[in-house]
Amino acid sequence: MPPNLRDKWGSKETWLRALYLRANLIWIFRQELVRLELDQLHWLGAILDDAYLTITTQANRHADNDEGFDACLEWVRNNIEQRIEMAPEDPELHRLLQLTEEAHPSDVIQEIFDKLAGSAQTIYRSGPRRKVRLLREWLNTHPVGSVRPGDFRDPYHVDALTNVRQQLSEIELRVHLDDFDAWSLLAIPALLTHELVCHAYASEDRDNQQSIWAEGVMDWTAVFFFEKWSRLLKLPGAIVKSRGDDLWVRRMAPTRYTGRVIADTLVDWLAAEPTIQSLDVAQVAAANFTLEVNGAVAPLWAKDALASRIATIWSDKPLQEAFRAWRTGAAPAAAMLS
Ligand SMILES: [Zn+2]
């Protein structure tokens, strides 16, 4: 029997506190993460690894998150100061110490979610008016498993899914906390963007991981918005984007690939239209079209059938006319679903 959350962490509360503290710790040093990514740092990786271990062993001792944060911060400052005694002139250590002096606690993952959810709400003007909520759930191991013990398929120990109810979409961020580090945190915006754009406002009769519409065409739309949204967070946009793209490539399923190619086929066709003749305008039009269809109430099979049809739009004259009618406002996008 694999261990359950209680065996490993004692309680969900302790687990949530450890996640909160790890995310705060990475957040304190967020300005240094580009250097960490480019392998230009000597100390930060080891300091973070030591602190993760301390958080794991001490998370159940704190009365609340604030007390945990203060204890964690003091521990990290001591760790850096001890290293400075051995390397008094090291500029990296002094920069890291300075960052701890400016640190204050925040619910880092919730703030990332709130910012992205706010952006998603503005693009779904015509969709269903649902509330969205973030849940954090425990994973016993890496979400897509390991090649052999300790050798994981990708460095991102996070995954997400969405449960849609009538007026509420619950987005569940699933975390394998044992190995949750800076790269896992940096992959969260891409994961959440997929859930918010593809699923939170979708109006369909079912979920299906094999849907070329829901997981593929809409994933193209998620990437389209992620390009912009990844720059709006307080984390360094360049690596939020590069780690998000990397996560997407590493977890590329056939349906996702197929749907993205279909969306790009639509962009190609739109860009060649005499009334458009611009790649930028074609991409915006394709994104708006997918949002409108995604929010339209229809069975998922009908959306998948439309996606398949778009794959051959270059030879489908009635579909071309339907898109022209949609562009002029003569017909809604949902007219193509019947
Ligand atoms: Zn999905």
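Coordinate-derived values only; no laboratory data. All figures in this text were calculated on a predicted structure; none of them were measured in a lab. Cβ sites come from the backbone with ideal geometry, for glycine too, and all protein chains shown count toward neighbours.
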Checklist entry - Looking only at region 38-96, which residues are of a type in the set (V, I, T), within 30 Å of the chain's Cα centre (by Cα) and surrounded by 12 or more Cβ atoms within 10 Å (Cβ to Cβ)? => result I47, T54, I55, T56, V76
Item to check | Residues satisfying the stated conditions in region 8-44, i.e. out of contact with any strand residue (DSSP E or B) (no Cβ under 9 Å at 6 or more places or on another chain), closer than 21 Å to L135 by Cα and among the charged types (D, E, K, R) | outcome: E13, R17, R22
Checklist entry - Does region 15-33 contain any residue that is loosely packed, with under 13 Cβ neighbours inside 10 Å and among the hydrophobic types (A, V, I, L, M, F, W, C)? => result no
Next on the checklist: Just checking, does region 152-164 include any residue being buried (at least 19 other Cβ atoms within 10 Å of the Cβ), among the aliphatic types (A, V, I, L, M), over 18 Å from P2 (Cβ atoms) and within 12 Å of the chain's Cα centre (by Cα)?
Outcome noted: yes
Item to check | Residues located in region 137-149, provided they are part of a loop (DSSP other than H, G, I, E, B), more than 16 Å from the ligand (Cβ to nearest atom) and closer than 23 Å to A23 by Cβ | outcome: L139, N140, T141, H142
Checklist entry - Is it the case that I112 is surrounded by 18 or more Cβ atoms within 10 Å (Cβ to Cβ) and more than 30 Å from E172 (Cα to Cα)? => result no
